[in-house]
Amino acid sequence: MAKETNSRRFIDAYNQIDYALRVQHDFKRSMGFSDMIRRASTVNHIVKKYEEDLIDYSRLRNAIIHGTSGDVVIAEPHEDIVIKIEQLAKLITTPPLVMEVLKERDVFTVNYDVSVGEVIKKISSTKYSNIPVYKNGELIGVANGQKILDALGEHLLNGWNIDSFLNEHTIDEIVKLPTETSYYKVMNCEVTVDQVLGEFLANRKLLVIILTKTGTMHEPPLAIITSTDYMELNKILENY
C-alpha cells in the first residue's frame, strides 16, 4: 500500500475541522472557512487559541490544491505542518472530557444553615476556598473565602459584633446575593475541557464550575473546577 501523501493528510485534517465546526456551531455551508474561524473563535476556546494558525491553514489549503473540487494537488506541505493540523483536528473533533483528565479530588459541600464560623473552619481545614452550599438538596450558592472575608471586614468597619456574625449568622445569608450566580455555573459531567475553558474566558467573574450528572442544581456535585484550574486544563489541551 502506497504511503499517504502529506497533501492528502493535510486536506483530510482540514476537512475534519471544517465539518466539525459547522456541525458544532451550526454554520452554513456557504460560509467561508476563514469567516467561520473568526466567528467560532468567540465561543470556542480551541479555535480562539489557534485562530491565526487556522487562518494560515486555510490559505495553505488554497495554495496546495487547484480547482473547485480540490482534487488537483499542486504542492506538498511540510511534515511538521501536517502534524500540527492533524493535532488540531483531533482537538476540535474529539476534545477530552474534563472528568477524564481532571485529577480526582474530594468534593466538599455545606448545608445552608451552617454558621459562618463553621464554614470558615471548613475552608481552613480543607484548603478549598469555594464550597457549594445546598438547601434541601438544591444548590443555592457557593461559599467563597474572599466573599466571607469581605463580609467579615464590613462587620469590623461598622463596629458590629463579630462573635454574633461568626456563630449566629448562617452561610445562606452571605451566598444569597443578587450577583451570586455570576460567580458560579453548573454544567453536566460530559463537558469537554475546551467548553470549561471557554466558560472562564467568557465570564471573568466566574470562580467555580460545578459538574453534576445532568447539569442541574438539584443534583450532588461530582467535581468542582475553579479558576485556579485554568492553567492546568490549558496545559492538558496543549499536550493532548
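I'd like to check something: does the stretch 154-164 contain any residue that is assigned to a strand (DSSP E or B), outside the structural domain of Arg39 (by TED's automatic domain parsing) and farther than 26 Å from Ile236 by Cα?
Quick first cut of the stretch 154-164, residues assigned to a strand (DSSP E or B) only: none.
No - not one qualifying residue is present in the stretch 154-164.
What single numbered condition from (1) surrounded by 14 or more Cβ atoms within 10 Å (Cβ to Cβ); (2) modelled with pLDDT of 90 or more fails to hold for Leu102?
For Leu102, the exception is condition (2).
Return the residues of the stretch 207-240 that are surrounded by 18 or more Cβ atoms within 10 Å (Cβ to Cβ) and part of a loop (DSSP other than H, G, I, E, B); say none if nothing qualifies.
Scanning the stretch 207-240 gives Leu207, Glu219, Pro221.
If I filter the stretch 51-66 for residues that are of a type in the set (A, V, I, L, M) and not in a helix (DSSP H, G or I), do I get at least one hit?
Filtering the stretch 51-66 for residues of a type in the set (A, V, I, L, M) gives 54-55, 60, 63-65.
Retained after the next criterion (residues that are not in a helix (DSSP H, G or I)): 65.
Within the stretch 51-66, one or more residues are of a type in the set (A, V, I, L, M) and not in a helix (DSSP H, G or I).
If you scan the stretch 149-167, which residues turn out to be over 37 Å from the mean Cα position of the chain (by Cα) and among the charged types (D, E, K, R)?
Matches in the stretch 149-167: Asp163 only.
Looking at (1) within 30 Å of His155 (Cα to Cα); (2) touching a helix residue (DSSP H, G or I) at 6+ places or on another chain (Cβ under 6 Å), which one does Leu233 not meet, given that it meets all the others?
(1) is the only condition that Leu233 fails.
Of the conditions (1) surrounded by 15 or more Cβ atoms within 10 Å (Cβ to Cβ); (2) not in a strand (DSSP E or B), Lys121 clears all except one; give me its number.
The single condition Lys121 does not satisfy is (1).
Give the residues of the stretch 69-98 that are within 21 Å of the chain's Cα centre (by Cα) and either surrounded by fewer than 17 Cβ atoms within 10 Å (Cβ to Cβ) or in a loop (DSSP other than H, G, I, E, B) (or both), sorted by residue number.
Kept after step one, since they are within 21 Å of the chain's Cα centre (by Cα), are these residues of the stretch 69-98: 87-98.
Listed by number, the residues that qualify are Gln87, Lys90, Thr93, Thr94, Pro95, Pro96, Leu97.
If only one of Met1, Met31 is in a loop (DSSP other than H, G, I, E, B), modelled with pLDDT under 90 and not assigned by TED's automatic domain parsing to the domain that holds Asn203, which one is it?
Values: Met31 fails: modelled with pLDDT under 90.
Only one candidate passes the filter, namely Met1.
Could you pull out the residue among Glu180, Glu173 that is modelled with pLDDT under 95 and either more than 30 Å from the chain's Cα centre (by Cα) or within 25 Å of Leu211 (Cβ to Cβ) (or both)? Explain how you work it out, then say what you get.
On the way: Glu173 fails: either more than 30 Å from the chain's Cα centre (by Cα) or within 25 Å of Leu211 (Cβ to Cβ) (or both).
After applying the criteria, what remains is Glu180.
Of these, Tyr184, Tyr134, which one is under 30 Å from Lys48 (Cα atoms) and of a type in the set (Phe, Trp, Tyr)? Talk me through it step by step, then tell me what you get.
On the way: Tyr134 fails: under 30 Å from Lys48 (Cα atoms).
Within the list Tyr184, Tyr134, the selection yields Tyr184.
Restricting the search to the stretch 212-240, which residues are of a type outside the set (Ser, Thr, Tyr) and closer than 14 Å to Gly141 by Cα? It would help to see each step written out before you state the result.
So the first thing to find is which residues in the stretch 212-240 are of a type outside the set (Ser, Thr, Tyr), and the list is 213, 215, 217-225, 229, 231-239.
Result: Met217, His218, Glu219, Pro220, Pro221, Ile224.
The values are calculated or read from the model by the stated rules, or taken from the named source; none is laboratory data. Everything quoted here is computed from the prediction, not taken from an experiment. Neighbour counts run over all protein chains shown; Cβ positions are idealised from the backbone, glycine included.
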